[in-house]
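Right, one structure below, let's go through it.
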Amino acid sequence: MAESELNTTELERVPVVILFAETSGFTRTSEMLQPSIVLARVSEFFALVREAVERHGGTVRNVLNDTLMASFSGESHAQHAMQAAQEIQRDFTVFEESWANEYGIRAAVAIGLHAGEAVIGIADGPISGQPLIIGDSVSVADRLLHRARAGEMVMSKMFMDALAETGFALEAEELPALEIPRRAPIRLFGVLRDSRLDFT
């Protein structure tokens, strides 16, 4: 069942892949630019990510600052998430060059990917009717995003296993495990750039 076919009028816990993407280096540099330029550039990034996510059957769930969260469910959800992530990284290189030349912005996309379960439904609280996705998988994916350096993807072993089940071939390096108190370490893998960028 494709994610677009989920009945979000009823709460349910479903297998999902969570994708986080952010423009590393953009927020700090943006403080030196006119607000209209900041808004236009981040809007370009959000449009790029949204189009890639939706083209591969995913759904954008949340946007905060320069970070976007999306989810994928249904058959081959890990493959679809990876294809979207690869498109985002590939297509953002055009922005990397133009932003650097026109505004002096050094930016690249960092991505975190994790497979798990989440509850999907509609909020009945302060923001009535707001679609929600809640679960440990969201928190883990967010942690993976913050392990990724500029221009890189960091993925959990759970995601890599789900991806392997689809037959999708991906070269990735094993990274130091994610240590979370009171739970087993989570093995991590990364798709790294030849020349590692670090805008921190």
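Amide H contacts under 5 Å for Leu132: Gly121, Ile122, Ala123, restricted to partners 5 or more places along the chain or on a different chain, H placed in the peptide plane at 1.01 Å from N. Karplus-based coupling profile of region 82-91, in residue order and whole Hz: 5, 4, 5, 4, 5, 5, 4, 4, 5, 6, with θ = phi - 60° in 6.51 cos²θ - 1.76 cosθ + 1.60 and x standing for Gly or Pro.
With the Kirkwood sum run over all distinct C-alpha pairs, the chain has a hydrodynamic radius of 17.3 Å. Assign one of three labels to region 78-122, namely rounded, prolate or oblate, based on the Cα gyration tensor with a ≥ b ≥ c the square roots of its eigenvalues; rounded applies when a/c is under 1.5, prolate when it is not and a/b is larger than b/c, and oblate otherwise. Prolate, since a/c reaches 1.5 and a/b exceeds b/c.
Put a dot 7 Å past the Cα of Asn101, heading toward its Cβ, do the same for Thr166, and the two dots end up 3.4 nm apart. Computed from backbone phi, the HN-Hα couplings of region 160-170 come to 4, 5, 5, 5, 4, 4, 8, x, 6, 8, 9 Hz, rounded to whole numbers (Karplus: 6.51 cos²θ - 1.76 cosθ + 1.60, θ = phi - 60°; Gly and Pro given as x). Distance between the 7 Å Cα→Cβ label points at Val119 and Glu44: 4.1 nm. As a rough guide to protection, the peptides 145-154, 57-66, 82-91 ranked by mean Cβ packing within 10 Å, highest first, stand as 145-154, 82-91, 57-66.
Couplings for region 95-102, taken from phi via the Karplus curve 6.51 cos²θ - 1.76 cosθ + 1.60 with θ = phi - 60°, read 5, 3, 5, 5, 5, 5, 5, 8 Hz in order; Gly and Pro are left as x. Working note: 222 nm ellipticity from helices only, DSSP H runs with n ≥ 4, each -39,500 (n - 2.57), summed and divided by the residues of the chain, gives -11500 deg cm²/dmol to the nearest 500.
For the chain, modelled as a GNM whose springs connect Cα atoms under 10 angstrom apart, the maximal fluctuation among Ser139, Ser71, Ser24 occurs at Ser139.
Read-outs: derived from the displayed coordinates by stated rules, not from any lab. Everything numeric in this text was worked out from a predicted model, so none of it was measured. With ideal geometry, Cβ positions are generated from the backbone for all residues, glycine too; neighbour counts draw on all protein chains shown.
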